[in-house]
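Read-outs: derived from the displayed coordinates by stated rules, not from any lab. These numbers come from a predicted model, not from an experiment. All Cβ positions, even for glycine, are placed from backbone atoms using ideal geometry, and neighbour counts span all protein chains on display.
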Amino acid sequence: MSKPTLQRRPLVKQLLDGADDNLLVIAGLGSPNWDVTESGDRPLNMPLWGAMGAPVCMGLGLAIAQPTKRVLVITGDADMLMSLGSLATVAAQQPDNLAIVVLDNEKFGETGNQASHTSPRNNGPTDSGAGADLALIAKGCGIADVGTVRDAAEVAQLVRDARGKKGPIFRLVKVMVEKLEFVMPPQDGAHLKDRFRHALLGHP
Ligand SMILES: Cc1ncc(C[n+]2csc(CCOP(=O)(O)OP(=O)(O)O)c2C)c(N)n1
């Protein structure tokens, strides 16, 4: 398979374009957090600073608790690899308002671009992974609506699906490795939680 060519920042910007009070966003730690924040910090974003492996579990709980809202989880391949079982729980619960988008750069980007398990096998001495296919894993867990996005021509459909298609949906987006500026949201987790709850419920 050829190297990914999609750039993550403009793609995430498109995913979040025109986000209103109906859209609840959970961003995985590391690069997805910076991507989502560059698109515009907002109270109804819950960007994670730690809690690796938590975004899909959090998104599922939120989707069940807030059935009239759209919940969008945007996270990385290494984060997703830490909580594969959460995909089976999503399939068991079938939340129709949950979309999961995994930005797969085939690396642990935040910690120095070590190859993740989604890197191809035999990709060179320092870059080889297991060729793990997170879309196949999601499918195998029982999520029926699964897809992989590799080309710019597929992004508009990705955005429509992520924002509005009946869930649960899972999209694996193959993105290139890039060195990008950190764009950081507030760092206090309690503050992020309080402002999210306040924007959603009217009280912290
Ligand atoms: C439990 C735990 N283990 C390890 C880390 C260190 N860590 C922070 S970000 C990260 C890699 C994230 O990679 P990925 O989810 O693929 O996102 P990317 O930055 O590559 O887009 C790691 C290993 C952590 N924060 N928590």
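For the chain, adding -39500 (n - 2.57) for each run of n ≥ 4 DSSP H residues and dividing by the number of residues yields -10500 deg cm²/dmol at 222 nm. Taking the C-alpha atoms only, the angle from helix 189-201 to the longest principal axis of the chain is near 60 degrees. Straightening the chain between residue 94 and residue 21 buys 24.0 nm, computed as 0.36 nm per residue apart minus the Cα-Cα spacing. Using a ≥ b ≥ c from the Cα gyration tensor of segment 73-204 (square roots of the eigenvalues), is it rounded, prolate or oblate, where a/c under 1.5 gives rounded and otherwise the larger of a/b and b/c decides, a/b for prolate? It is oblate, given that a/c is not under 1.5 and a/b is not larger than b/c. Run the simple label-point estimate for residue 65 and residue 126 please: 7 Å along Cα→C-beta, distance reported in nm. In this crude label model, residue 65 to residue 126 measures out at 4.3 nm.
Summing +1 for each Lys or Arg and -1 for each Asp or Glu, what net charge is found among the other residues whose Cβ lies under 13 Å from the Cβ of residue 116? Don't jump to the answer; show the numbers that get you there.
Working: positive: 107, 121, 174; negative: 77, 79, 104, 106, 110, 127, 133.
Local net charge: -4.
Within the chain, what's the longest run with no trypsin sites (Lys or Arg not before Pro) in a DSSP loop and at most 12 other beta-carbon atoms within 10 Å? Give the range, please. If you can, show how the numbers build up before the last one.
Working: sites that count: 121, 166, 179.
That gives 1-120 as the longest site-free run.
Take the chain and mark each of the chymotrypsin sites (Phe, Trp or Tyr not before Pro) that is in a DSSP loop with at most 16 other Cβ atoms within 10 Å; the longest unmarked stretch, sites excluded, is 50-181. List the GluC sites (Glu not before Pro) in segment 142-189 that DSSP assigns to loop (not H, G, I, E or B) and whose Cβ has at most 14 other Cβ atoms within 10 Å. Which are they? Of the GluC sites (Glu not before Pro), the ones in loops of segment 142-189 whose Cβ has at most 14 other Cβ atoms within 10 Å are 178, 181.
How high is the relative contact order of segment 8-201? Use alpha-carbon pairs under 8 Å, at least six apart in sequence, and give a whole percent. Display every interim value, and only then the final one.
Values: 384 pairs, mean separation 46.1, N = 194.
The value is 24 percent.
Relative to the current alpha-carbon distance between residue 148 and residue 14, full extension at 0.36 nm per residue lengthens the span by 46.5 nm.
If R0 is taken as 25 Å, the Cβ-Cβ distance between residue 3 and residue 111 corresponds to a FRET efficiency of 0.75.
Among DSSP beta bridges lying fully in the chain, give the percent that are antiparallel, nearest 5.
On the way: 2 of 28 bridges.
Antiparallel bridges: around 5 percent, rounded to the nearest 5.
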